[in-house]
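The values are calculated or read from the model by the stated rules, or taken from the named source; none is laboratory data. In this text, all values refer to a predicted model and were calculated from it rather than measured experimentally. Neighbour counts run over all protein chains shown; Cβ positions are idealised from the backbone, glycine included.
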Amino acid sequence: MSCLKMYFTNPKARGKQLPEGFTVTRFQSEADIEQWLDICHDGLIAADAGIEKFRCELVDIDGPDPYRDTYFIEKDGKKIATFTVVPNMWSTGMGYIHMVALRSEYRGLGLGSFMADFSLQKLIEMGKERVFLLTGDARLPALRTYLNAGFLPVNYIDEEGKDMVDRWQNIVNTLQIQNLMLLNDDGSEMQELHCTTQ
């Protein structure tokens, strides 16, 4: 199934702060690959994915450079989350937030909101007027985090010729969102979605 796309076009992020006791560090060496994989195995990538998955997502595609773009959140010297902030993904000129993962035992502490805001602030400082991300229908907590950060859903036609309207309507209903603007792929407003299950 194709990914869901979201755009952020707001000129500023909310400025969420990192909870006390957590720090942000950068990807520094190949030794960090195992930590990245271990974090991502907790719900983002297949449990048996190895270094080839790291290369596929952060090395062998047009955009990211892990040494420049990939961050970790640490607690007591342990890497517990990762995210990548790409200034120009697939030569679109748009900023991109990529491979966001958080160990399950640290969820619910506001770290997802911090990662979204930190990423947006970095891209805004780089002069990015539009930022996008890709995600999946089942990642409901992440979808809620992105919506709360100011991202809006995007309708586009996938490789099978299908649009995203019904998928976004299901998410609006599942998350019990009253109103949500759906954007066209060019960033213009398409239609407002309303929760239909209350």
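Just a few scattered comments:
- Residue match in region 106-122 (condition: free of Cβ contacts under 8 Å to residues at least 12 places away in the same chain and either under 24 Å from Gly21 (Cβ atoms) or in contact with an Asp or Glu (Cβ under 6 Å, 6 or more places away or on another chain) (or both)): yes
- Residue tally, condition free of Cβ contacts under 8 Å to residues at least 12 places away in the same chain, over 16 Å from Leu4 (Cα atoms) and not in a loop (DSSP other than H, G, I, E, B), over region 141-190: 1
- Among the criteria (1) part of a loop (DSSP other than H, G, I, E, B); (2) touching a strand residue (DSSP E or B) at 6+ places or on another chain (Cβ under 6 Å), the one Thr196 does not fulfil is (2).
- No other residue among Asn88, Asn170, Asn184 is at pLDDT 95 or above, of a type in the set (S, T, N, Q) and surrounded by 15 or more Cβ atoms within 10 Å (Cβ to Cβ) apart from Asn88.
Residue-wise test of (1) farther than 30 Å from Asp186 by Cα; (2) of a type in the set (D, E, K, R).
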site	(1), (2)
Ala47	yes, no
Thr70	no, no
Lys78	yes, yes
Asn88	no, no
Ala101	no, no
Ser104	yes, no
Ser119	no, no
Lys122	no, yes
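- Region 59-92, subset small (Gly, Ala, Ser) and in contact (Cβ under 8 Å) with a residue 24 or more places away in the chain, residue farthest from Ile39 (Cα to Cα): Ser91
- Of the residues making up region 46-58, those that are outside any helix (DSSP H, G or I) and in contact (Cβ under 8 Å) with a residue 12 or more places away in the chain are Ala49, Gly50.
- Here region 1-37 is the region considered, the condition is being assigned to a loop (DSSP other than H, G, I, E, B), of a type in the set (S, T, N, Q) and within 18 Å of Asp69 (Cα to Cα), and the residue that is nearest to the chain's Cα centre (by Cα) is Gln28.
- Of the residues making up region 123-138, those that are of a type in the set (D, E, K, R) and either in contact (Cβ under 8 Å) with a residue 12 or more places away in the chain or within 13 Å of Phe83 (Cα to Cα) (or both) are Lys128, Glu129, Arg130, Asp137.
- Among the residues of region 19-35, the one identified as buried (at least 16 other Cβ atoms within 10 Å of the Cβ) and either of a type in the set (Gly, Ala, Ser) or in contact (Cβ under 8 Å) with a residue 60 or more places away in the chain (or both) is Phe22.
- Which listed residue is surrounded by fewer than 19 Cβ atoms within 10 Å (Cβ to Cβ) and closer than 18 Å to Gly110 by Cβ, from Asp65, Asp76, Asp48: Asp76
- Meets criteria (in a loop (DSSP other than H, G, I, E, B), under 15 Å from the mean Cα position of the chain (by Cα) and either surrounded by fewer than 18 Cβ atoms within 10 Å (Cβ to Cβ) or of a type in the set (Phe, Trp, Tyr) (or both)) for Gly43: yes
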